[in-house]
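First up is the structure itself, then whatever we jot down about it.
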Amino acid sequence: MSVDRSTIWAYEQGEPQDFYYSRYAHPTGVEAERRLAALEGAPDGQALLFASGSAAATALLLALLEPGQTVALAAGGYFGTGVIMDDLGRWGLRHVEFDQTEPPPPDVDLVWLEAPSNPFLTMPDLEAAAAHRAPVVVDSTAATPVHLRPLEHGADFVLHSGTKYLAGHSDALVGAVVSREAEAHRRLARFRDHTGPACAPDVAFLLLRGLKTLQVRVERQTATARLLAQRLAGNPNVATVRYPGIGGLISFDVRGDAQTVERSTRLIKNATSLGGTETTMESRYRWEGERVPLNLLRLSVGLEEPDELWADLQQALA
Ligand code: PLP
């Protein structure tokens, strides 16, 4: 499909049609939302794009909750999500961290899981969370719908940093929320449309193009990650390997200095983020401090030859 970059569309006989102002909707965005809703097994079109994963998370919190309410947040997940909740503390939002492999604490108003958590790579107990009276959000950025469809396990919302696997080429910043219930979807849509964290048409196009190859990319990244996780576990300079068995994300602790290892790779890029076609690796301590082990490296496996990636890791670890 071609990209229509218009911000306005003419009324017909004085009547606004489906598209009239692009902050509310534009054809490329609606097509990407339709496609993503289908991938997640949501009712027709019940997905919303945002300017980033973080914009999606912020909108979801502000649209769903009231001051004084509490979120149960999966410990060991993307640290930026906790930072957003800290920032919204000034507006009366509370949050408590919990172990997502166990049932959520009872007195909370929203349960926020991550599948798998980044960078600790635990998988949530979705059934236990679904039994909670509070709505459940699953940040499924790292699992992708190729490996998990959280709505089928009782989640109410699926959140993606589409910047990662969905767009898939490290060239588009985009977020998304897929909703189970029509009313919740409408509430979030109203909030987004009024406050404006919209996704631009060109970015929606890159997301749509990424979705066309999502399955083959993620299957290949998973196959390579399984192999690398196995080989890393057998390397004498590696102390711990975390890999949930799905997806392209691995984290491992080295016995020496992680920053020396990350600076020694030749093929693997020493860069942040994940989910692209090129393999990236970084020490997370630089961003997260004491929250993670000093020598934890996060590896996002791309589409390069598995043996070439292993050779690069081996020489860097040596
Ligand atoms: N959720 C997860 C699991 C992430 O890894 C990230 C970014 O690293 C985000 C959300 C935030 O997404 P974005 O960078 O698109 O704002």
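Out of ARG266, ARG90, ARG217, any idea which swings most in a Gaussian network model of the chain, alpha carbons joined below 10 Å?
Largest GNM mean-square fluctuation: ARG90.
Using the alpha-carbon centroid of each, what span in Å lies between the stretch 105-124 and the stretch 237-271?
Each part reduced to its Cα centre gives a spacing of 23 Å.
How much accessible area per residue does the chain have, counting only protein heavy atoms and a probe of 1.4 Å, in square angstrom?
Per residue, the chain has an accessible area of 43 Å².
Nearest 500 deg cm²/dmol is fine: what mean residue ellipticity at 222 nm does the chain get from its DSSP H runs of n ≥ 4 alone, each adding -39,500 (n - 2.57), divided by its residue count?
Result for the chain, helices only: -10500 deg cm²/dmol.
May I ask what percent, to the nearest 5, of DSSP beta bridges between residues of the chain are antiparallel? All intermediate terms of the calculation are to be shown ahead of the outcome.
Working: 24 of 41 bridges.
Of the beta bridges lying entirely in the chain, close to 60 percent run antiparallel.
So what are the ³J(HN,Hα) numbers for the stretch 170-186, from phi and the Karplus equation (6.51, -1.76, 1.60; θ = phi - 60°), rounded to whole Hz, Gly and Pro as x?
Rounded to whole hertz, the list is 6, 9, 8, 9, 7, x, 8, 10, 10, 10, 7, 9, 4, 5, 5, 4, 5.
Considering only ALA204, ALA128, ALA115, give the residue with the highest GNM mean-square fluctuation for the chain, with springs between Cα atoms whenever their separation is below 10 Å.
In the Gaussian network model the winner is ALA128.
For the chain, modelled as a GNM with alpha-carbon contacts under 10 angstrom, which of ILE268, ILE250, ILE84 fluctuates the most?
ILE84
Using Cα atoms only, what is the angle between the long axis of helix 53-64 and the major principal axis of the chain, expressed in degrees (0 to 90) to the nearest 10?
Taking the Cα atoms of the chain, the angle to 53-64 is about 50 degrees.
Quick one: if the Förster radius is 30 Å, what FRET efficiency do ARG187 and ALA271 give, using the C-beta to C-beta distance and rounding to 0.05? Spell out each step's value before the answer.
Values: r = 37 Å, r/R0 = 1.23.
It comes out at approximately 0.25.
Simple spin-label model, 7 Å along Cα-to-Cβ: VAL216 to GLU152 in nm?
About 2.3 nm separates the two model spin labels.
Pop the C-beta distance of ARG133 and ASP253 into the FRET formula with R0 = 30 Å and round what comes out to the nearest 0.05. Before the final figure, lay out the partial values.
Values: r = 38 Å, r/R0 = 1.26.
Computed FRET efficiency for ARG133 and ASP253 comes out at 0.20.
Against the longest alpha carbon principal axis of the chain, how many degrees, from 0 to 90 and to the nearest 10, is the axis of helix 201-212 turned?
The two axes meet at around 60 degrees.
Want the number for ARG5 to ARG286: 0.36 nm per residue separation, take away the alpha-carbon distance, what's left? Please report the intermediate quantities before stating the final value.
On the way: separation 281, 0.36 × 281 = 101.16 nm, distance 3.85 nm.
Contour length minus the Cα-Cα distance gives 97.3 nm.
Using only Cα atoms and rounding to the nearest 10 degrees, what angle (0 to 90) does helix 27-39 make with the longest principal axis of the chain?
The answer is roughly 60 degrees.
The values are calculated or read from the model by the stated rules, or taken from the named source; none is laboratory data. What you are looking at is a predicted structure, and each value in this text was computed from that prediction instead of being measured. Counting neighbours? That spans all protein chains shown, and the Cβs are built from the backbone with ideal geometry, glycine included. Surface areas here come from the heavy atoms of the whole protein model, side chains and all, with no ligands, DNA or RNA. Shrake-Rupley method; radii C 1.70, N 1.55, O 1.52, S 1.80 Å.
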